[in-house]
Amino acid sequence: MNIKYNKEEQTFHLYNEKISYVMKVLLHGEIGHLYYGERLYGDSFAHMYYQKHYPSVSVYREVSGYSMSGMRQEYSSFGGTDFSVGSYTIRQANGSKLSEFEFQSFKVLEDKPKIPNLPSSSGKSLTLEIKLVDQLTKVSMYLYYTIFADSSVIARSTRFVNKSLSPLYLEHALSAQLDFDENDFNLVQLDGAWARERNITKRQIEQGRTIIESTLGASGHIQNPLMVLTKGNADEYQGQVYAMTLVYSGSFIGTVDVASHKRTRLSMGIHPLNFEWKLDDEFWTPEAILNYSSCGISNLTHEFHSFVRNNIMKLKPSFKRTKFLTNNWEATYFNFNGPQIIEIAKEAKKCGCEMFVLDDGWFGKRNDDTSSLGDWQVNEQKLQMSMATLSREIKDIGLDFGIWIEPEMISKESDLYKIHPELAIQTPNRRMSVGRKQFVLDFSNMDIVKSIFNQLTKVLDDIDFDYIKWDMNRNITEAYSVSLTPDCQGEFYHRYIMGVYRLYEMLYERYPNVIIEGCAGGGGRFDLGILAYSSQIWTSDDTDPVERLKTQFGTSILYPLASMVNHVSAVKNHQTGRVTSLDYKAAVAFFGNFGYEINFLELSDKEKIQIAKQMKFYDEYQDVFLKGKFYRLESPFEADSNLVSMMSVYNETSVVGIYTNLYQTNAPVRRVKLKGLDAKAQYHCSDGNTYYGSELMNIGYLVINATCGTSVFDFEHTGESDFSSTIIVLKKYKI
Ligand code: DGJ
C-alpha cells in the first residue's frame, strides 16, 4: 500500500494491490474526487479529470468561469456553485452558513489516528490527512483517508477544529461522500423491523434523492447503516459494486443524490435531524467505511468480512468459537428460580454446553417486563440464593457463567425512578413516552453512566462471571438533557451513544476478560460501532430458522458469520409457532456463532443426542464458520424463496447448507452450483462421493429430493417433508 502526491498536478493516489483512490486539488482549493476502483498504474492523473461546466444550470465563481455544479468532490458544502446537498454546514456568528475551505497541506501518517470517544478501525495501514482552512472563520477541516494492506476498503472521517473565539455550530457533518459521473445504479439496503431485521431490498436509483436512515437514537431494526450501489446489471457474482457503512451505532442517514447530468453522490453520517454541535474546540465525525468490488456483492462480502474481523472486531483476534452457551430466555422467560436454573444447567452440561447465560429477570422485583430496570440488586428471594452462590453452583457444574443486563434503561416502576425520575430522558414540561414500560436513561450525561456502572459493579464484583449480554429494548423519544445548555441540545443523541461506548470501555477496564454480547431487542443495534466492542451480537429475537435464513442472508452482506449469535430454540418456535426439527434449526444456526436457547429439561433423550452431535459437528468445523469465505448460493430473496443454500470455505474444507422449506411434489431437478472451490481439485464429500471442484461449481451438487444427501450427523427425518435441510462437508484431497 502507498500514498503518493503528485505536486505538479496536485493529485493524491492511495493504492494497494486491490484498489486505487484518486483525488485532485481543484482550482479554488476544493478537493475533487476522480476515482475509486480497481488498482490504477502511473503517477499522473490530472489529464483524466473532467471539468465540464454546464452553462444552462451553472453559476460561476468570480471571473474564473469555474463552477462546482456537476463536479465530483470529496466533501462538499451547499451554498456556493454546487446546488446539491453537501456533507456539512457550519453556522457562523452572523448567521451565515457559507464556508469556503481551501487546501493547505497534507501529511501521510503511519499510525492511524484514533477518533476520540468513538470506535474506529485499526490495523496495518497508511492514513492521508488533508488539511483545508476556511480563511474567514479560521476553522480547519481535516479529511482522513486510510488505506489498508490487502483490503479494498478505504476508511474516512473528518475533523473540524475551531481555533477562533466566535461561537460556531456544526449543523450537519457527514462522515463521507463518494461522487460518480454515472447514475445507472441500484441500491441494495438491509431493512425490516423487530424480529425481521436486515432483509435485503433492492431499488433502482433515479434522479433525485434516495434515503435510508435511523432517527431512533440507535442504528435500529428498521434500516441498517449499509448502502450498496450495484452498477448496471451487477449482481451477486459480477459487476461493479460500491458500498458505504459507518463505525457508529447512533441515528444515521445515508443518501444517494442524483443531480442533473447524472452526477450521483453517495453519502453517510450522523443524522442531521436534531443534530447540532457547538464547535468550540474540535469535532470528529464517526468513521465511514467505503468498499469496492469489481466482481459482484459476493466479493464485496469477502472483503467486508475479513476487514470487519481483522480491523473492527479487535476483541476477538483468534476467532476461536465462543464456548457453547445456553441462554434461559426462551427456556423460562421470567419464570425461574435458582434451583431450576441449576437443573437446566446440569442437563445442558451433559449435552456438551460449556456456558450458562442467565437472561432477564434476576434483579429488583422483575417477574415480567413492567418493572425494576435500574434496580441492579439481585432478587435473592426469587433466586432462592445469592448470585454469588448461583454463579458458583454453575461453575461447579463445569460451566462458565454469563449474565444479562440492560444498563441504558430505567423502569417507570423502579426504586431508582421513584427517587431519581430526573435520570430518565425527558423534555421539560412535555409528556414522557413509555416503551416496554420503561424509559431510557440519559447516557449523554457521564455522571449517570458512571452511577449505573457503580451499581452494576456491586453485583458483578461479587460473582464469578465470564460473559455479559447487554440488551437495549427501546428507542429514544423526547430527547433532551438537563445536563446540556440550551444551545447544546443538538449534541444529545451523539453524546448518548458516546456514553454507551464509554460504559463498554469501563466494563472492559474492570473485567478485561469478559465477552460482551450486543443485543437490542434482537438485532436492533447491529453495526460496526457495537462490533468494535461486542465481538458478537444477538442477530434477531426471531429464532425461527425459516425467518432466520432471510435475516442471516441480509446480515451476511456486511457482517461476518462470527459476529452473528445464532441459537437453536424449541422445535415449536415461540415467535412463529412453526414446527421445524432441531437439526433444521441447527443447520441454519451453524452459519454463525452457534449456541442454544432451549429448556434442556424438556428434551427427549433422542433430542439430547442430536444436540450433542450438533455441538461436536460445529466444534469440528468452527473455523469454516468463523473464518471461512461465505457464499450466498440460492437466496431466500430470489423468486423461489423456498429453496435456499449457502456455504462457507476455509482452506481445504467447505460446509454447504441446503434448505427446502415447503416440500414440492414432483419437483424439478435441483442442482446447487457451489462456489469458491478449486476447480482442478477433487473433493471427498460427506455423501460418500468424490467430485471435482469444477463439477460442483459448474454442473452443481444434485439435490435429488428435498431431503437427499447424507448428512454428517443423522437427521431426525430423512423422508419427504417440509423444512428439510442437508449439510454436506467437502474436503479437498487431491489436486
Ligand atoms: C430482548 C432480547 O433480544 C431477548 O433475547 C431477551 O434478552 C429479552 N430482551 C429479555 O427481556
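Structural remarks
- Boolean, ALA288 is aliphatic (A, V, I, L, M), more than 16 Å from the ligand (Cβ to nearest atom) and under 28 Å from ALA586 (Cβ atoms): no
- Condition check for SER483: farther than 18 Å from GLU517 by Cα, within 15 Å of the ligand (Cβ to nearest atom) and among the hydroxyl-bearing types (Ser, Thr, Tyr): no
- Going through (1) over 20 Å from the mean Cα position of the chain (by Cα); (2) among the hydrophobic types (A, V, I, L, M, F, W, C); (3) closer than 30 Å to ASN429 by Cβ; (4) part of a helix (DSSP H, G or I) one by one, VAL459 falls short only on (3).
- Single residue of segment 268-284 satisfying the filter (of a type in the set (D, E, K, R) and either within 22 Å of MET244 (Cβ to Cβ) or touching an Asp or Glu at 6+ places or on another chain (Cβ under 7 Å) (or both)) that is most open to solvent (accessible area, probe 1.4 Å): LYS278
- Output for segment 577-598, where each listed residue is over 20 Å from ASP359 (Cβ atoms) and not hydrophobic (A, V, I, L, M, F, W, C): GLY577, ARG578, THR580, SER581, ASP583, TYR584
- Set ALA612, ALA639: member being touching a residue at least 24 places away in the same chain (Cβ under 8 Å) and not basic (Lys, Arg): ALA612
- Filter pass, ALA562 being within 16 Å of PRO225 (Cβ to Cβ) and at pLDDT 95 or above: no
- For segment 413-443, a tally of residues being of a type in the set (D, E, K, R) and more than 16 Å from the ligand (Cβ to nearest atom) returns 6.
- Total residues in segment 449-480 satisfying the condition of being within 16 Å of the ligand (Cβ to nearest atom), under 30 Å from ARG321 (Cβ atoms) and either of a type in the set (D, E, K, R) or modelled with pLDDT under 95 (or both): the figure is 2.
- Flag for SER306 being more than 13 Å from PHE185 (Cβ to Cβ), in contact with an Asp or Glu (Cβ under 6 Å, 6 or more places away or on another chain) and part of a helix (DSSP H, G or I): no
- Meets criteria (small (Gly, Ala, Ser) and modelled with pLDDT under 95) for SER306: no
- Residues located in segment 20-35, provided they are part of a loop (DSSP other than H, G, I, E, B) and aliphatic (A, V, I, L, M): LEU26, LEU27
Listed here are the residues, each with its yes/no results for (1) exposed (fewer than 15 other Cβ atoms within 10 Å of the Cβ); (2) of a type outside the set (A, V, I, L, M, F, W, C); (3) out of contact with any helix residue (DSSP H, G or I) (no Cβ under 6 Å at 6 or more places or on another chain).
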{"position": "GLY435", "(1), (2), (3)": "yes, yes, yes"}
{"position": "ASP442", "(1), (2), (3)": "no, yes, no"}
{"position": "PHE453", "(1), (2), (3)": "no, no, no"}
{"position": "LYS469", "(1), (2), (3)": "no, yes, yes"}
{"position": "GLU478", "(1), (2), (3)": "no, yes, yes"}
{"position": "CYS488", "(1), (2), (3)": "no, no, yes"}
{"position": "TYR496", "(1), (2), (3)": "no, yes, yes"}
{"position": "LEU507", "(1), (2), (3)": "no, no, yes"}
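- Candidate set from segment 329-339 (those that are away from the ligand (no atom under 11 Å from the Cβ) and part of a loop (DSSP other than H, G, I, E, B)); member that is surrounded by the fewest Cβ atoms within 10 Å (Cβ to Cβ): ASN335
- Filter result (over 20 Å from LEU246 (Cβ atoms) and free of Cβ contacts under 8 Å to residues at least 40 places away in the same chain) within segment 188-231: ALA193, LYS202, ARG203, GLN204
- Residue within segment 420-427 that is without any contact (Cβ under 8 Å) to a residue 24 or more places away in the chain and assigned to a loop (DSSP other than H, G, I, E, B) present: yes
- When each of ILE410, ILE394, ILE342 is tested for being closer than 25 Å to ILE537 by Cα, away from the ligand (no atom under 16 Å from the Cβ) and either assigned to a helix (DSSP H, G or I) or in contact with a His (Cβ under 9 Å, 6 or more places away or on another chain) (or both), the lone residue that passes is ILE394.
- For segment 14-49, filtering for residues that are without any contact (Cβ under 8 Å) to a residue 40 or more places away in the chain and either open to solvent by less than 10 Å² (accessible area, probe 1.4 Å) or over 30 Å from the mean Cα position of the chain (by Cα) (or both) leaves 13.
- Failed criterion for TYR659 (all others in (1) within 16 Å of the ligand (Cβ to nearest atom); (2) crowded, with 21+ Cβ neighbours inside 10 Å hold): (1)
- Taken as a whole, the condition of being under 24 Å from the mean Cα position of the chain (by Cα), modelled with pLDDT of 95 or more and among the small types (Gly, Ala, Ser) applies to SER444.
- Among (1) over 16 Å from TYR504 (Cα atoms); (2) within 16 Å of the ligand (Cβ to nearest atom); (3) open to solvent by less than 70 Å² (accessible area, probe 1.4 Å) - the single one GLU354 does not satisfy: (2)
- Considering only residues in segment 518-548 that are aromatic (Phe, Trp, Tyr) and assigned to a loop (DSSP other than H, G, I, E, B), the one that is farthest from the ligand (Cβ to nearest atom) turns out to be TYR533.
- Any hit, segment 373-382, residues being assigned to a helix (DSSP H, G or I), open to solvent by less than 10 Å² (accessible area, probe 1.4 Å) and either under 20 Å from ASP396 (Cα atoms) or among the aliphatic types (A, V, I, L, M) (or both): no
Listed here are the residues, each with its yes/no results for (1) modelled with pLDDT under 95; (2) touching a helix residue (DSSP H, G or I) at 6+ places or on another chain (Cβ under 6 Å); (3) on the phi > 0 side of the Ramachandran plot.
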residue: PRO225; (1), (2), (3): no, no, no
residue: GLY232; (1), (2), (3): no, no, yes
residue: VAL241; (1), (2), (3): no, yes, no
residue: ASP257; (1), (2), (3): no, no, no
residue: LYS278; (1), (2), (3): no, yes, no
residue: CYS295; (1), (2), (3): no, no, no
residue: SER298; (1), (2), (3): no, no, no
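- Residue in segment 622-640 that is under 20 Å from LYS675 (Cβ atoms), of a type in the set (D, E, K, R) and crowded, with 23+ Cβ neighbours inside 10 Å present: yes
- Filter result for HIS221 (surrounded by 18 or more Cβ atoms within 10 Å (Cβ to Cβ) and more than 26 Å from SER556 (Cα to Cα)): no
The values are calculated or read from the model by the stated rules, or taken from the named source; none is laboratory data. Fair warning: this is a prediction, and the values are worked out from it, not measured in the lab. Counting neighbours? That spans all protein chains shown, and the Cβs are built from the backbone with ideal geometry, glycine included. Just the protein is used for accessible areas: all its heavy atoms, side chains included, with ligands, DNA and RNA removed. Shrake-Rupley method; radii C 1.70, N 1.55, O 1.52, S 1.80 Å.
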